[in-house]
Amino acid sequence: MSIVSARIAIIAALPREIEELVRGVPQNAELRRQGIHLYRQDKAIVVAAGMGAARAELAVEAALAEGGVRLLISTGLAGACTPDLHAGEVVEAGIVVDGQNGMRYAAGHGSDLVLGSASSIANVREKARLSRSYLCSMVDMEAATVARLAAVNGLAFRAIKGVSDAYDFELEGLSQFTGDKGEFRTGSFALYTALRPGTWRKAMQLGRNSQRALTALTEMLRQVIAQQ
């Protein structure tokens, strides 16, 4: 029996960002040992390999190794950089900017909204810098890498993100919970938060807004897959 190659590769950072989309689908056990969570569906390959540019590159490489990919979609959570975007929304960017060197990439099916990619979880100061320097409306850590690799490989590219936090939201210390493979060390973060009652309200707010965004994002991605 021949296997039809999936035409879409959906690239996220954290397994949590894709868990509803791939529920019930087995993942590649060998890649999982490397911290790369890859799922093959009938019409899409879905990968989460961790936060940051290096892990995004691994995710794209794993997806392309499956063969037949024509479209890369960078997805997952992003933070708002302007008051125009609100937590819980799902938005698609028309332009992606590397926040370190200013390189710009076009994203299909998007508006003129600009997504910037930072080197770490963006605080309020970094959000403001990206908005001021590049007119970014939101920020993530991986989209610029996915966009660059799409361009290098002659593939179409889209960036569809769920907004987890507002432009003026900041929960200090989040970056310290990034593991060696780009994972978010949830247990350590939970302990850190439990010992600091002053963070409880913001942590719960971030959790609620992130879940709202992911629910809407999953539905959007299902629609995109179904249209192929």
TODO: In debye, nearest 20, what is the charge dipole magnitude of segment 128-220 about its Cα centre with +1 on Lys and Arg Cβ and -1 on Asp and Glu Cβ, if you could check?
DONE: 100 debye
Open item on the list: Can you give me the distance in nm between label points at ARG208 and ASP112, each placed 7 Å from the Cα along the Cα-to-Cβ direction?
Closed with: 3.5 nm
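Mind checking the full-extension length gain between ALA29 and THR215? Use 0.36 nm per residue of separation minus the Cα-Cα distance, one decimal, nm.
64.4 nm
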TODO: Quick one, can you get me the convex hull of the C-alpha atoms of segment 73-228 expressed as volume per residue in Å³?
DONE: 116 Å³
Open item on the list: Given the options GLN227, SER131, LEU171, identify the residue whose Cα lies farthest towards the positive end of the charge dipole of segment 131-228 (+1 on Cβ of Lys, Arg; -1 on Cβ of Asp, Glu).
Closed with: GLN227
Task: Lys, Arg +1 and Asp, Glu -1 on Cβ, resulting dipole of the chain about Cα centre, debye, nearest 20 - done: 180 debye
Open item on the list: Quick check: the angle from helix 53-65's long axis to the longest principal axis of the chain, C-alpha only, nearest 10 degrees?
Closed with: 20 degrees
Task: With every protein chain in place, the chain: carbon and sulfur % of accessible area (1.4 Å) - done: 52 percent
TODO: Select from GLY35, GLY187, GLY67 the residue whose mean-square fluctuation is largest in a Gaussian network model of the chain (Cα-Cα springs shorter than 10 Å).
DONE: GLY187
Open item on the list: Along the charge dipole of segment 182-228, pointing to its positive end and built from +1/-1 on Cβ of Lys, Arg, Asp and Glu, which listed residue (TRP200, ALA216, THR186) has its Cα farthest out?
Closed with: TRP200
- [ ] Would you kindly state how much longer the chain becomes between VAL124 and LEU195 on full extension, computed as 0.36 nm times their sequence separation minus their alpha carbon distance, in nm to one decimal?
- [x] 23.2 nm
Task: Distance between modelled label sites at PHE177 and ALA151, nm, 7 Å Cα→Cβ extension - done: 3.4 nm
Task: Förster-model FRET efficiency, 25 Å R0, GLN227 and HIS86, C-beta, rounded to 0.05 - done: 0.45
TODO: Quick one: what are the phi-derived ³J(HN,Hα) couplings along segment 207-215, Karplus 6.51/-1.76/1.60 with θ = phi - 60°, whole Hz, x for glycine and proline?
DONE: x, 5, 5, 5, 5, 4, 5, 5, 4
Open item on the list: Please compute the per residue accessible area over the chain with all protein chains in place, 1.4 Å probe, rounded to a whole number of Å².
Closed with: 49 Å²
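What does the charge dipole of segment 9-126 about its Cα centre add up to, to the nearest 20 debye, if the Cβ of each Lys and Arg holds +1 and the Cβ of each Asp and Glu holds -1?
Values: 10 positive and 14 negative charges, 63 e Å.
Dipole size: approximately 300 debye.
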- [ ] Work out from phi, with θ = phi - 60° and the Karplus expression 6.51 cos²θ - 1.76 cosθ + 1.60, the ³J(HN,Hα) of each residue of segment 72-86, listed in order in whole Hz, and give x for Gly and Pro.
- [x] 9, 10, 8, 9, x, 8, 9, x, 6, 10, 9, x, 5, 9, 10
TODO: Only bridges with both residues in the chain count here: give the DSSP antiparallel percent, nearest 5.
DONE: 40 percent
- [ ] May I ask you to evaluate 6.51 cos²θ - 1.76 cosθ + 1.60, the Karplus curve with θ = phi - 60°, for each residue of segment 115-123 and list the ³J(HN,Hα) values in order in whole Hz, giving x for glycine and proline?
- [x] 10, x, 10, 9, 8, 8, 4, 6, 8
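The values are calculated or read from the model by the stated rules, or taken from the named source; none is laboratory data. Just so it is clear, the model here is predicted, and its values are computed rather than measured. FYI the Cβ positions are ideal-geometry reconstructions off the backbone, even for glycines, and counts take in every protein chain you see. We work out accessible area using only protein heavy atoms, side chains counted, and drop any ligands, DNA or RNA first. Shrake-Rupley method; radii C 1.70, N 1.55, O 1.52, S 1.80 Å.
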